[in-house]
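Participant: Have a look at this one.
Coordinate-derived values only; no laboratory data. Not measured: the values here are computed from a predicted model. Positions of Cβ are backbone-derived with ideal geometry, glycine not excepted, and every protein chain shown enters the neighbour counts.
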Amino acid sequence: MNKGTVAWESPSNIALIKYWGKKGRQIPRNPSVSMTLKNAVSKTWLSYSERNKEWLTFEFEGKNVPAFAKRIEKFLEGISEDLPFINDYTFHIKSENTFPHSTGIASSASAMSALAMCLCSMEEQVTGKKLEANEFMRKASYIARLGSGSASRSIYNSYATWGESVAFSKASNDYATPFSKYIHPIFKDYQDFILIVSGEKKKVSSTAGHALMNDHPFAQARYEQANANFERMLGILRSGDLESFIEVLENEALSLHGLMMNSNPSFTLLRPNTLQAIELIRDFRESTKIPLGFTLDAGPNIHLMFPKNEKEQVTNFVEAELKSLLEGGRYLKDETGSGPKLLTIANGK
Ligand code: PMV
C-alpha cells in the first residue's frame, strides 16, 4: 500500500502523581499516574504517499506553525529506528484541538498520542500486519512516550500509570499501563474543572522543566516522595478514600511548583490569583465538607477535582467565588474520558 489516510482523536490527561525529571531516551525518574480527560482532545489526520524530497508538511488548525513542524520532524526522525517504514513515505499531517487556545492546557499529551495512534495504524496498513489490540495500544503508548512523556498515558481510558514502581509490577518505563480495572466506582466519572487563571504561553517548556531536576538539590528526596505518593495514590484509587486523595493530590501539585521555585534557574508559575483561589477552595472544603481538591500542571491554571454527585454545588461555588479570579471568567468542564477514537482509515492507490 503506497498511499492512504488515517485519523485519530486523542485526549489530554491530568497527572495525579507528577512526572518531573527524566533521563536517557525519555525515561522518567519516577512513576506517575493520571486521569484521562474527555473533552480536551486533539484530532490528527495523517496522509501518506511515496517519499519525495519535501517529505513533511504540518498544519495546525489550518496554519503552518514552523515551531510545531520542526518538533514533528525531529520526532519522526527520532523514531525511524522503531518504525522503519517512516523513511519510505511523505507525510501530510493536520491537527486541531477541541479546547480553546490560550488555556494553558498541555496539548503535547493529546497531540503526540493522536499522532502515535496514526503512525501505528499506518504501520498496519503499509505492512499488512495487524497487531492484537493490547499490543497495538502498548506500541502506540511507547511511540507517544518518545514524543512527550505524558502522552504515553493518554493512550488509555480512565486512569493510567507510567514508570516502574515496586508498588505495581505491570508498570514500565517504556510505555503506560492501564489502571482502569482497579478503580473504585467514585473515580469512574470523576470531574475536572479547569480554571483559567492565565492563558499566557508557558514560561518554561517541559524539556527545560525536566532538565531543572538534573542537579536539583532536592532531586533524591523528590523521587522518594513521588514513589511513596504513587504507592499511596494507587491504594486510594482502589479504595475510594477521598480525604487521602485530596491530601496526596495537593501535595503533588505544590511539590511540583516548590521544585520549580527552588531550582536554578527558578520559576514562579503560580499567579496571585492561583494562590487566592487555592485559599478559597480550601475554605470551601473546610466549611462544606465537600471533597473538592485541586491539582496544577506546570502553569498557573487550577484543575478542580471532585466526584460527579457534587457537580451542582461545585459549579455554584465556582460561579460565585472563583470566577472573578479567572481570565475572562473562563473555566472548562471536563471529566474522566474513554481514550483515543479512530476517526478515519482509508487506503489509496
Ligand atoms: O510530557 P511532558 O514532557 O510535557 O511533561 C509533563 C510534565 C507534567 O505535566 C508537569 C507532569 C505530568 O506527569 O504530566
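Participant: By a straight-distance test (C-alpha under 18 Å), which lysines pair with Lys18 as possible cross-link partners, with residues fewer than eight away in the same chain excluded?
Facilitator: Straight-distance partners of Lys18: Lys202.
Participant: Given +1 on the Cβ of Lys and Arg, -1 on the Cβ of Asp and Glu, and no further charges, what dipole in debye does the chain carry about its Cα centre, rounded to the nearest 20?
Facilitator: Numbers: 41 positive and 39 negative charges, 138 e Å.
My answer is approximately 660 debye.
Participant: May I pose another question? Lys and Arg at +1, Asp and Glu at -1: add these up for the other residues within a Cβ distance under 14 Å of Lys308 and post the number.
Facilitator: Taking every other residue near Lys308 into account, the sum is -2.
Participant: So what is log10(I(q)/I(0)) for the stretch 185-335 at q = 0.10, 0.11 1/Å, when the Debye sum runs over its Cα atoms only?
Facilitator: Values, matching the q order: -0.37, -0.45.
Participant: Between Thr44, Thr5, Tyr331, whose Cα lies farthest towards the positive end of the dipole of the chain when Lys and Arg beta carbons carry +1 and Asp and Glu beta carbons carry -1, centred on the Cα centre?
Facilitator: After comparing all options, I get Thr5.
Participant: For helix 107-127, what angle does its Cα long axis make with the longest principal axis of the chain, in degrees from 0 to 90 and rounded to 10?
Facilitator: 30 degrees
Participant: Relative contact order (percent) for the stretch 274-349, with alpha-carbon contacts under 8 angstrom and 6 or more residues of separation?
Facilitator: Relative CO of the stretch 274-349 lands at 21 percent.
Participant: Place a +1 charge on the Cβ of each Lys and Arg in the stretch 188-340 and a -1 charge on the Cβ of each Asp and Glu, then give the dipole magnitude about the Cα centre in debye, rounded to the nearest 20. Let's see the in-between values first.
Facilitator: On the way: 16 positive and 22 negative charges, 68 e Å.
Dipole size: approximately 320 debye.
Participant: Under 23 Å Cα-Cα from Lys289, which lysines qualify once same-chain neighbours fewer than 8 residues away are excluded?
Facilitator: Of all the lysines, those that pass the test against Lys289 - Cα under 23 Å, at least 8 places apart if same chain - are Lys188, Lys308, Lys311, Lys323, Lys333.
Participant: Show me 334-344, 120-130 ranked by packing, highest mean number of other Cβ atoms within 10 Å first.
Facilitator: Values: 334-344: 18.1, 120-130: 16.5.
The packing order, highest mean first, is 334-344, 120-130.
Participant: Ranked highest first by average number of other Cβ atoms within 10 Å, how do 167-174, 110-117 line up? If you can, show how the numbers build up before the last one.
Facilitator: Numbers: 167-174: 16.2, 110-117: 30.9.
The densest-packed peptide leads the list: 110-117, 167-174.
Participant: Can you tell me, using C-alpha contacts under 8 Å and at least 6 residues apart, the relative contact order of the chain as a whole percent?
Facilitator: On the way: 718 pairs, mean separation 93.2, N = 349.
Relative contact order, the chain: 27 percent.
Participant: Can you give the relative contact order of the stretch 185-335 as a percent, counting alpha carbon pairs under 8 Å and 6+ residues apart?
Facilitator: On the way: 177 pairs, mean separation 67.9, N = 151.
Across the stretch 185-335, relative contact order equals 45 percent.
Participant: Using alpha carbons only, how many degrees (0 to 90, rounded to 10) separate the axis of helix 272-288 from the longest principal axis of the chain?
Facilitator: 60 degrees
Participant: Can you return the lysines within cross-link range of Lys53? Criterion is Cα-Cα under 17 Å, with same-chain partners fewer than 8 residues away left out.
Facilitator: Result set, ordered by chain and number: Lys3, Lys70, Lys74.
Participant: Turning to a different aspect of this structure: I'm checking a number: the convex hull volume of the Cα atoms of the stretch 73-153, normalised per residue, in Å³. What is it?
Facilitator: Details: hull volume 8.5 nm³, N = 81.
It is 104 Å³ per residue.
Participant: Something else about it: Where does helix 133-147 land angle-wise versus the long Cα axis of the chain, in degrees 0 to 90, nearest 10?
Facilitator: That helix lies at roughly 80 degrees to the long axis.
Participant: So how far, in whole Å, is the C-alpha centre of the stretch 218-295 from the one of the stretch 1-75?
Facilitator: After rounding, the separation between the Cα centres reads 28 Å.
Participant: Per 20 Å bin from zero, what fraction in whole % of the C-alpha pairs of the chain is there, up to the bin with the longest pair?
Facilitator: Result returned by the calculation: 31, 57, 12, 0.
Participant: When a/c is below 1.5 the answer is rounded, else prolate if a/b is larger than b/c, else oblate, so apply that to the stretch 101-243 with a ≥ b ≥ c taken from the square roots of the Cα gyration tensor eigenvalues.
Facilitator: Values: a/c = 1.44, a/b = 1.18, b/c = 1.21.
It comes out rounded by the Cα gyration axes.
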